[in-house]
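Structure record follows, encoded as structure tokens.
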Amino acid sequence: MGIRIRSIAHYVPDRILTNHDLEQMVDTSDEWIRTRTGIRERHLAAPDQATSDLATEAARRALERANLSADELDLIVIATATPDHFFPSTACLVQRNLGTRGQACFDMEAACPGFVYALQVARGTMMAMDYRYSLVVGAETLSRVTDWTDRNTCVLFGDGAGAVILERSSDTEDAFLSAFLGGDGSLADLLVQPGCGSRNPASPEVLERKDQFLKMKGRDVFKHAVLGMQESALIALEKAGLRADDLDWVVPHQANIRIIEATRERLGIPKEKVYVNIDRYGNTSAASIPIALSEMSSRGLLQKGHRVLLVAFGAGFTWGATVLRWTVS
Ligand code: COA
């Protein structure tokens, strides 16, 4: 009995915001953004699009590629830090959009590693509940919690969604060779959306302080990100009984090219084995890894049997990694 990835797809909104567009909005430059982050442009949701809309489009594509109808799903999990509402869950809205009912639905909030967490949570739920098919989506509209007057943060983030269908069956070898998840809440204040939750509910004062938007201590986040990514990757590799050389691909969370590079160097992995698309999407949080995997799959870069390390880090702080045997042809 094993669980495999049956299909993968992604969706990003059409609207593109380039670094040159940002130069008109805040005191920044294309050169500063590119050299400090590796980002050239990012996609932004249209005014009438919310996280569930991006997630639904990615889900439809993944279902089509799996040749499945939404009614065949047993479970819908959406990894997101930017849900449409606190309740109902974005998963329930995606279920409604897909025109189906009855499945177990919930959101998974673990910030940027949300998709890596959600894969394991879905896997455990499928085993506990005897489920056959699950939809797992990483989806974000970070543009809605970004202060577009704050140059320290607004250059970094983008919107998008990536979806996988997981299948559990008796004649399948498990695609998951290992996983490791971790967190450290003592670092919670380094990256936080302070307002509009139960701590600081929406009020004129909250809006005055712009506390509905994310706040970040960039340098501290950078330092912990490199450590968290490295530790997660090493533990996941060890648990899989593999060395870095045994990997065909590393797909890191796309937060910053310098974090990716520092992690790559510490792990001793050659550049050509690390997939990078941050230049075109920015940091899409929980969506970044499934978008990257979907792109790689469409470009024919992932072959059946490839060993792929996913590794991510984000607010919380949370971190995690998983080693997969790629199963989508
Ligand atoms: N354009 C131009 N200048 C900018 C700028 C921008 N968009 N943003 C910040 N600056 C300025 C700062 O104000 C500062 O100026 P000062 O020295 O006059 O005060 C200077 O650039 C250096 O700022 P600093 O924050 O030290 O830069 P940095 O090299 O640490 O790079 C980040 C900033 C945000 C790119 C970097 O810290 C980072 O990537 N951190 C991790 C962020 C992240 O990945 N978050 C998500 C985790 S999932």
Might you check whether a residue that is outside the structural domain of Glu31 (by TED's automatic domain parsing), surrounded by fewer than 14 Cβ atoms within 10 Å (Cβ to Cβ) and over 25 Å from Ser298 (Cβ atoms) occurs anywhere in the stretch 125-133? no
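Quick grid of which residues meet (1) away from the ligand (no atom under 16 Å from the Cβ); (2) assigned to a loop (DSSP other than H, G, I, E, B):
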| site | (1), (2) |
| --- | --- |
| Thr153 | no, no |
| Leu166 | yes, no |
| Glu173 | yes, yes |
| Leu181 | no, no |
| Lys210 | yes, yes |
| Phe213 | no, yes |
| Phe222 | no, no |
| Gln230 | no, no |
Val250 meets each of (1) within 16 Å of the ligand (Cβ to nearest atom); (2) within 23 Å of Asp159 (Cα to Cα); (3) among the β-branched types (Val, Ile, Thr) with one exception, condition (1)
Scanning the stretch 277-329 residue by residue, the ones that are of a type outside the set (Gly, Ala, Ser), within 12 Å of the ligand (Cβ to nearest atom), part of a loop (DSSP other than H, G, I, E, B) and more than 18 Å from Ala233 (Cβ to Cβ) total 1
Output for the stretch 241-275, where each listed residue is of a type in the set (D, E, K, R) and without any contact (Cβ under 8 Å) to a residue 40 or more places away in the chain: Arg243, Asp245, Glu261, Arg264, Glu265, Lys271, Glu272, Lys273
How many residues does the stretch 191-208 hold that are surrounded by 19 or more Cβ atoms within 10 Å (Cβ to Cβ) and not in a loop (DSSP other than H, G, I, E, B)? 1
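The values are calculated or read from the model by the stated rules, or taken from the named source; none is laboratory data. No experiment lies behind these values; they were computed from the predicted model shown. All Cβ positions, even for glycine, are placed from backbone atoms using ideal geometry, and neighbour counts span all protein chains on display.
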